[in-house]
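*Asks:* One structure, as structure tokens, below. Some questions next.
The values are calculated or read from the model by the stated rules, or taken from the named source; none is laboratory data. Given the structure is predicted, the values throughout are model-derived calculations rather than measurements. So basically every Cβ, Gly included, is an ideal-geometry build from the backbone, and we count neighbours across all protein chains shown. Heads up: the accessible areas ignore ligands, DNA and RNA and are worked out on the full protein's heavy atoms, side chains in. Shrake-Rupley method; radii C 1.70, N 1.55, O 1.52, S 1.80 Å.
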Amino acid sequence: MTDPYIPITSVELGPEVERRVLDVLRSGHIAQGPVVAELEAGFASMCGVADAIAVNSGTTALIAALEAHGVGPGDEVVTAPLTFAATINAVIERGATVRFADIDPVTYTLDPAAAATVVTDRTAAIMPVHLYGLPADMEGITALAQRCGAVVVEDAAQAHGATFGSRPVGSFGTGCFSLYATKNMTTAEGGIVTTDDPAVADAIRVLRNQGMRARYEYERPGHNWRLTDLQAAVGLPLLERLADLTDQRRANAALLAAGLADLPGVTPPSVPPDRTSAFHQFTVRIGAEARLDRDTLASRLHDAGIGTGIYYPRLAHDYDCYRTHPLVGRDATPIAAQAAREVLSLPVHPGVTAADGARIVDRVRALLDPGA
Ligand SMILES: *Cc1c(COP(=O)(O)O)cnc(C)c1O
């Protein structure tokens, strides 16, 4: 009998989700309503902010945050290039220009010192990405934003419940979370913006609903960004379980990190003492000293029944459609470029059992450890 395949992502919802979804289905009120409001209240409290506004995707959350802050044509947004395309698509959607600054080689997140070198008098927003669930240096980024009069928009799509200092991500600037199926909690598709600024919250609520404050009272041209009660019913039980689910991710990460310590050419993720990670991914770096290169290791692990992921195989703007795009900067980011060649994510989600974790460690060691 062969061991079952360990996938890099898995979506397990549970009976409480089924019950809540059925309740909404049977209520006849399936579009945006009281269940969305309940999800918003719970999410705001989890992030320690005054308000959370649910929208139909994480990408929309980023666009909404930028629009609410008035970021548009002529403005520049500074972000990290090791990210999902949504981060830069949101800026382009607003007609603003994306500028890239290099990442910190240990945390894989926007380095405030590097960001300081690309700010200009057009910089309207600094948009750190809390990659793999680990918060960026929010102290340095907040200080930089204050110095240059920019707002902070956090791409927290992968970091539900992660903290910097004693504060959750999403509470430093305008927080943008994804509720896509494979994220740490989900509504299938969905997103949510967190803020302490009542004007930002109000603007997003109006923009979300075609620019209407009340029925057929239009205040500004808006959008249909609404989430549905059907979707919120999926997310609510997961929000209630988020702390436990994150603890399982952290326990899996601790097991993997201990098992992979002192393996030549392998650098496990390291979490600085001032933050906690939501471990959306457990990402190791496969350096030149490793016995196999990153892609060969990934394919050997696949053959052994272990799924892996590469987030991301190229920098977000390293594609033809962005290379010559007038709104996309061409700033050099060598540290991020090297990370894109070396990162490999191993399964860490709550569906990974302790036995799975041990199997992952054993297999990686067997493939890479010359003494094994
Ligand atoms: C998933 C993700 C997004 C976009 O979220 P969607 O809900 O898929 O629109 C944005 N940024 C990052 C870093 C992501 O991982």
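*Asks:* For the range 160-182, which residues satisfy the criterion of being near the ligand (Cβ under 9 Å from one of its atoms) and buried (at least 24 other Cβ atoms within 10 Å of the Cβ)?
*Replies:* Answer for the range 160-182, where residues must be near the ligand (Cβ under 9 Å from one of its atoms) and buried (at least 24 other Cβ atoms within 10 Å of the Cβ): CYS176, PHE177, SER178, LEU179.
*Asks:* Of the residues ALA261, ALA278, ALA251, which is open to solvent by 20 Å² or more (accessible area, probe 1.4 Å) and in a loop (DSSP other than H, G, I, E, B)? So that I can check it myself, show each step before the final result.
*Replies:* Numbers: ALA278 fails: open to solvent by 20 Å² or more (accessible area, probe 1.4 Å); ALA251 fails: in a loop (DSSP other than H, G, I, E, B).
None of the other options fit; the residue is ALA261.
*Asks:* I need the full set of residues from the range 290-335 which are within 24 Å of the chain's Cα centre (by Cα) and among the hydroxyl-bearing types (Ser, Thr, Tyr), in order please.
*Replies:* THR308, TYR311, TYR312, TYR319, TYR322, THR333
*Asks:* So, of the residues in the range 72-89 that are open to solvent by 30 Å² or more (accessible area, probe 1.4 Å) and away from the ligand (no atom under 13 Å from the Cβ), which turns out to be nearest to TYR311 (Cα to Cα)?
*Replies:* Here the answer is ASP75.
Residue-by-condition table, conditions (1) assigned to a strand (DSSP E or B); (2) at pLDDT below 95; (3) farther than 22 Å from ALA124 by Cα; (4) open to solvent by 50 Å² or more (accessible area, probe 1.4 Å):
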| position | (1), (2), (3), (4) |
| --- | --- |
| VAL21 | no, no, yes, no |
| LEU25 | no, no, yes, yes |
| ILE30 | no, no, yes, yes |
| ALA41 | no, no, yes, yes |
| ALA44 | no, no, yes, no |
| ILE63 | no, no, no, no |
| GLY70 | no, no, no, yes |
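*Asks:* Another question, then. Got a number for residues in the range 311-352 being open to solvent by 50 Å² or more (accessible area, probe 1.4 Å) and either in a helix (DSSP H, G or I) or within 30 Å of THR186 (Cβ to Cβ) (or both)? Please lay out each step first, then the result.
*Replies:* Filtering the range 311-352 down to residues open to solvent by 50 Å² or more (accessible area, probe 1.4 Å) leaves 311, 313-314, 318-321, 323-324, 326, 330, 332, 334-335, 338, 341.
Pick out the ones that are also either in a helix (DSSP H, G or I) or within 30 Å of THR186 (Cβ to Cβ) (or both) and you get 311, 313-314, 318-321, 323, 334-335, 338, 341.
Of the residues in the range 311-352, 12 are open to solvent by 50 Å² or more (accessible area, probe 1.4 Å) and either in a helix (DSSP H, G or I) or within 30 Å of THR186 (Cβ to Cβ) (or both).
*Asks:* To continue, here is another question. Could you run through the range 41-66 and say how many residues are touching a residue at least 40 places away in the same chain (Cβ under 8 Å) and within 16 Å of the ligand (Cβ to nearest atom)? Give the steps one after another, and end with the answer.
*Replies:* Our first condition is that a residue be touching a residue at least 40 places away in the same chain (Cβ under 8 Å); within the range 41-66, this holds for 42-44, 46-62, 64-66.
Checking the rest, the ones that are also within 16 Å of the ligand (Cβ to nearest atom) come to 43, 52-62, 64-66.
The qualifying residues number 15.
*Asks:* Going through the range 353-372 one residue at a time, which ones are open to solvent by 40 Å² or more (accessible area, probe 1.4 Å) and over 21 Å from SER10 (Cβ atoms)?
*Replies:* Residues of the range 353-372 that are open to solvent by 40 Å² or more (accessible area, probe 1.4 Å), as a first pass: 353-355, 358-359, 362-363, 365-366, 370-372.
Matches in the range 353-372: ARG365, ALA366, PRO370, GLY371, ALA372.
*Asks:* Condition first: aliphatic (A, V, I, L, M), open to solvent by 10 Å² or more (accessible area, probe 1.4 Å) and over 22 Å from VAL24 (Cβ atoms). Now tell me which residues in the range 204-244 satisfy that.
*Replies:* Correct list: MET212, ALA214, ALA243.
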